[in-house]
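Report on the structure given below.
The values are calculated or read from the model by the stated rules, or taken from the named source; none is laboratory data. Fair warning: this is a prediction, and the values are worked out from it, not measured in the lab. Ideal geometry is used to build each Cβ from the backbone, glycine not excepted, and the neighbour counts take in all protein chains shown. Heads up: the accessible areas ignore ligands, DNA and RNA and are worked out on the full protein's heavy atoms, side chains in. Shrake-Rupley method; radii C 1.70, N 1.55, O 1.52, S 1.80 Å.
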Amino acid sequence: MEAAEQLRSQDASLFHRSGRPEAEVTLCILGSPSTFLSLLLEGGVQSPGNMLLCLSPAWLMKVAAPGQEGEASLLVSKAVSFYPGGLTFLDDFVPPRHATYFLAGLGPESGHGREAAELARNLTCPTGASAELARLLEDRLLTRWLLSQQTGVVVPATLAFTYRPPGLLRGGDTSPGLRLVELSGKEGQETLVKEEIEAFVHSEALGEASQVAVRLSGWRWRGQQALRLHLRVEPSAVVNTVLALLEKLEEEESVLVEAMCPPARLPLPGSPAPGPELAVRICAVVCRIQGDRPLLSKVVCGVGRGDQLVRHHNTLPRTLEVALAQCGLEEAAQVALLGQRIKEAAEAALAAVLALEAGLSVEQRGGRQVHIDFLGVDFVLTVAGRTLTPAVLKLNSGLCLETCGALEGLWAAPRLGRSVKEAAAAPLVETMLRRSGRHLMEGKQLLVIGAGGVSKKFVWEAARDYGLKLHLVESDPNHFASQLVQTFIHFDVTEHRRDEENAQQLAELVRARNLKLDGCFSFWDDCLVLTALLCRELGLPCSPPAAMCLAKQKSRTQLHLLRCPGPPWPATSLHAVACCPLESEADVEKAIDQVPLPGVMKLEFGSGAVGVQLVKDGPQCHEHFSRILHDLQGEADHPGIGLGWGNAMLLMEFVEGTEHDVDLVVFGGRLLAAFVSDNGPTRLPGFTETAACMPTGLAPEQEAQLVQAAFRCCLGCGLLDGVFNVELKMTGAGPKLIEINPRMGGFYLRDWILEIYGVDLLLASAMVACGLQPALPAHPRARGYLVGIMCLVSQHIEMLSSPSSRETLQALHDQGLLRLNLLEEALIPGQYEEPYCNVACAGSSPAEARLRLLGICQGLGIDRPNYPVAHFLSHFK
């Protein structure tokens, strides 16, 4: 089989297996291995065993989807599966696997375009291509019109003749650089054609072009017709060619006359010539990422003779830097500027295509789940004035990805080092996994225990977006979320010493209401143990209640881990910190003898750093213990920080070092993902968070130590399934545990991780709760940095209570100049306060984000003598 031989030629070992069990995520590709090489190899790394290549349409089957009229599920009976290191297996699936994402090669090179088009049409699973959308992308007239309207995108001047333009062009706005001539018939058009061509070749829009190209445009002509080149000074030859081609036209097809952009002479005039004149052809792959935003993933070039057309398959691929250097341009600033222009134009091209797609009907797209997730953009490097300019020639759905794969997978890759580290298909794989996760969770019924406050408002918005069916148990009958769920159960969950009894009662209420639940979870600290107990009653997936109890009580966590000397090694005891539980004054005296001072005194079941304080000696220990016992006696004194569990405290050793959050996704005792962020110095003797930076600025080895320490501590407590937030300090002796929060990270963390990595911890939490492995990339890549500062009512009451200041904050957030996370609703000052909001800025480096944030804080009055923002951000230089 030719396709199998292609795989073997890529150094992939192909073994045959049969009867493999069903997996949740199935990313199915139908097409040529060479076209999708980058995608297949990256998928093998990011989602081992779930990236499947079907070499024949016969390996796939559509079956009608119950309850979804006109749609079908896609089943995979046979495929080549990919793993890290190029390891491949030829698998027979019994029973067949259900595709959760489908992408087919639809070009003429695929060899099975009709079958692929039919398989891709009206599927229930997310689909990355369809014949209907491919027809639009392959229509040069339509895409030329679309791109010519985008700021920052240069296209060749074009004259188009058609009998009936594509439907999307009818009645559209005129576009600079593109003239559309609609003919009344095939005969008797000689005079009009001659006049239009004469005017076109003499127009200033052609710039310095000495030639024009004549070609047919339309789906029928993709990859078939020869390009006809004519001198600009010979319009009669152009007229004859156009008239001959007009006879072949059908409706919605056209004849294009376009300027041949002269290749840039590199180096620029005034520099010594390096040799024969060369032309550079540039292809870029740009992908749809989280939030439907375009992101350039890779640029690859071809270099050829300046007097010949440079095409994908008649030149060797190389990086932009290498291609320009071979043509004599090595000045770093010019290369960087050109790279930025390519990035802006390529991303603008995909943005325009996505905007066009958003206006199409389901029928025009080829199905409810069809969306364009990546795009190839072909450029030619030309000169406008004295400026090196990438001009867009055409869009494609596979050629650019194939060219990038050739560079990544063949002999050049090991020699080019960092420039080819990230695969062109990396963002595409992330999008495929994200859409697969959404597909698997659509319509799932989940019970949520505890609604939380305004900081958790995103939960209800995201649930609607994901198609989740939420049922809520909440103590407050008037909570705003009660109107946003399928079922609302009013139940007092604040008295946590009755959690076992409450779990049994809730289980009876669930059964009485006949709720058919797929999962149950909580993101609210107070309700985690109750949730685990209820899951046990209902037979739903969750970490054991004993593990939740162990992690919930801070002193039990530390003392348990201290008693775990290993194996395995390094033992979790290396990360635990000496501590002593406190319930009476006598316990305080005992703790002073057992725990080295200075120490940290905190609530056993507390959250938000409320009541946490540095104590330096015995009198301070007694004083703080007495104050907390007097001020924070029950839930009414400070709702939502765990006082429903009582106000017992603990004294733990204070360890020097930098503070970090590690957010983990764990499934079946396996670590699927970890995200590390850095915290700034706190305002001692308190420990309320001040500032944060993500991703971490630590060295990779230290980051790995933090991740492994957090993961081992979770496993040591029996937390085998869930999304967990672990707070640690990086000391001179390595990571030391502060505490484990056995739920999704709070404050801004979900929002930041979604923005930087494209991973939604909320969706991951919901998937684990349903017993499904979250659809996550094995190695999520950060796309920038965020640095943020907390605002406190005690320090910023004037700004926060000013309508104009709050409007300014919101306006800056809406403009994308900062990120605003509201954490509290009411401006209530007090001794035991929590942060009111977080303000953050993005940047390509921590320093850039930090400087932007510092400027905004100084302008808005967040930076104050008693709240020195520069000091809180000092760790992030």
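Summary table below
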| quantity | calculated |
| --- | --- |
| Lone qualifier among Val612, Val600 - being closer than 24 Å to Val707 by Cα, open to solvent by less than 50 Å² (accessible area, probe 1.4 Å) and of a type in the set (Val, Ile, Thr) | Val600 |
| Selection count where residues are modelled with pLDDT under 90 and either assigned to a helix (DSSP H, G or I) or open to solvent by 20 Å² or more (accessible area, probe 1.4 Å) (or both), scope the range 85-111 | 7 |
| Of residues in the range 304-320 being surrounded by fewer than 21 Cβ atoms within 10 Å (Cβ to Cβ) and in contact with a Ser or Thr (Cβ under 7 Å, 6 or more places away or on another chain), the one modelled with the lowest pLDDT | His312 |
| Pairs where the first residue, in the range 576-600, is under 21 Å from Ile738 (Cβ atoms) and the second is open to solvent by 50 Å² or more (accessible area, probe 1.4 Å) and hydrophobic (A, V, I, L, M, F, W, C), C-beta under 7 Å, 6+ apart | Ala576/Leu562; Cys579/Leu559 |
| Search result, residues across the range 421-430 that are of a type outside the set (Gly, Ala, Ser), crowded, with 24+ Cβ neighbours inside 10 Å and out of contact with any Pro (no Cβ under 8 Å at 6 or more places or on another chain) | Pro427, Leu428 |
| Looking only at the range 846-859, and only at residues there that are over 10 Å from Val787 (Cβ atoms) and in contact with a strand residue (DSSP E or B) (Cβ under 8 Å, 6 or more places away or on another chain), the one that is least open to solvent (accessible area, probe 1.4 Å) | Cys857 |
| Arg114 being of a type in the set (D, E, K, R), at pLDDT 95 or above and surrounded by fewer than 24 Cβ atoms within 10 Å (Cβ to Cβ) | no |
| Of all residues making up the range 522-540, the number that are assigned to a loop (DSSP other than H, G, I, E, B) and either over 17 Å from Val768 (Cα atoms) or open to solvent by less than 50 Å² (accessible area, probe 1.4 Å) (or both) | 3 |
| Pair list, Cβ under 8 Å, 6 or more apart: the range 759-774 residue in a helix (DSSP H, G or I), other residue open to solvent by 10 Å² or more (accessible area, probe 1.4 Å) and of a type in the set (Phe, Trp, Tyr) | Leu762/Phe458; Leu763/Tyr466; Ser765/Phe521; Ala766/Tyr466; Ala766/Phe521; Val768/Phe521; Val768/Phe667; Ala769/Phe521 |
| Some residue of the range 480-492 being under 26 Å from Leu720 (Cβ atoms) and either open to solvent by less than 20 Å² (accessible area, probe 1.4 Å) or not in a loop (DSSP other than H, G, I, E, B) (or both) | no |
| Residues that are of a type in the set (Ser, Thr, Tyr) and open to solvent by 10 Å² or more (accessible area, probe 1.4 Å), drawn from the range 683-692 | Thr688 |
| Restricting the range 131-145 to residues that are farther than 17 Å from Ala346 by Cα and charged (D, E, K, R), the residue that is least open to solvent (accessible area, probe 1.4 Å) | Asp139 |
| Set Leu817, Leu809: member being among the aliphatic types (A, V, I, L, M), assigned to a helix (DSSP H, G or I), in contact (Cβ under 8 Å) with a residue 24 or more places away in the chain and under 17 Å from Ile856 (Cβ atoms) | Leu809 |
| When residues of the range 543-579 are limited to those that are farther than 21 Å from Met730 by Cβ and of a type in the set (Ser, Thr, Tyr), the one surrounded by the fewest Cβ atoms within 10 Å (Cβ to Cβ) | Ser555 |
| His630, sole failed condition from (1) under 38 Å from the mean Cα position of the chain (by Cα); (2) open to solvent by 10 Å² or more (accessible area, probe 1.4 Å) | (1) |
| Residue check for Glu402: under 30 Å from Ser73 (Cα atoms), at pLDDT below 90 and acidic (Asp, Glu) | yes |
| Leading residue by the ranking (surrounded by the most Cβ atoms within 10 Å (Cβ to Cβ)) among those in the range 321-345 that are in contact (Cβ under 8 Å) with a residue 60 or more places away in the chain and β-branched (Val, Ile, Thr) | Ile342 |
| Residue match in the range 751-765 (condition: over 30 Å from Leu538 (Cβ atoms) and of a type in the set (Gly, Ala, Ser)) | yes |
| Filtered residues of the range 352-406 (kept if open to solvent by less than 10 Å² (accessible area, probe 1.4 Å), out of contact with any strand residue (DSSP E or B) (no Cβ under 9 Å at 6 or more places or on another chain) and assigned to a loop (DSSP other than H, G, I, E, B)) | none |
| Filtered residues of the range 660-671 (kept if surrounded by fewer than 20 Cβ atoms within 10 Å (Cβ to Cβ) and touching a residue at least 40 places away in the same chain (Cβ under 8 Å)) | Gly668, Gly669, Leu671 |
| Pick from the range 184-208, criterion open to solvent by less than 70 Å² (accessible area, probe 1.4 Å) and free of Cβ contacts under 8 Å to residues at least 12 places away in the same chain, ranking: farthest from the chain's Cα centre (by Cα) | Gly188 |
| Residue within the range 693-715 that is open to solvent by 30 Å² or more (accessible area, probe 1.4 Å) and touching an Asp or Glu at 6+ places or on another chain (Cβ under 8 Å) present | yes |
| Matching residues, the range 422-481, being within 29 Å of Cys287 (Cβ to Cβ) and of a type in the set (D, E, K, R) | Glu422, Glu430, Arg434, Arg435, Arg438, Glu442, Lys444, Glu461, Arg464, Asp465 |
| Total residues in the range 860-877, condition in a strand (DSSP E or B) and surrounded by 19 or more Cβ atoms within 10 Å (Cβ to Cβ) | 1 |
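Rundown of residues vs (1) within 27 Å of the chain's Cα centre (by Cα); (2) of a type in the set (Ser, Thr, Tyr); (3) open to solvent by 10 Å² or more (accessible area, probe 1.4 Å); (4) modelled with pLDDT under 90, yes/no style:
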position: Leu786; (1), (2), (3), (4): yes, no, no, no
position: Val793; (1), (2), (3), (4): no, no, no, no
position: Met799; (1), (2), (3), (4): no, no, yes, no
position: Leu822; (1), (2), (3), (4): yes, no, yes, no
position: Cys837; (1), (2), (3), (4): yes, no, no, no
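For every residue, the table says whether it meets (1) of a type in the set (Phe, Trp, Tyr); (2) at pLDDT below 90; (3) open to solvent by less than 80 Å² (accessible area, probe 1.4 Å); (4) out of contact with any Lys or Arg (no Cβ under 8 Å at 6 or more places or on another chain).
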| site | (1), (2), (3), (4) |
| --- | --- |
| Arg222 | no, yes, yes, yes |
| His230 | no, no, yes, yes |
| Glu234 | no, no, no, yes |
| Ala237 | no, no, yes, yes |
| Glu253 | no, yes, yes, no |
| Arg265 | no, yes, no, yes |
| Pro269 | no, yes, no, no |
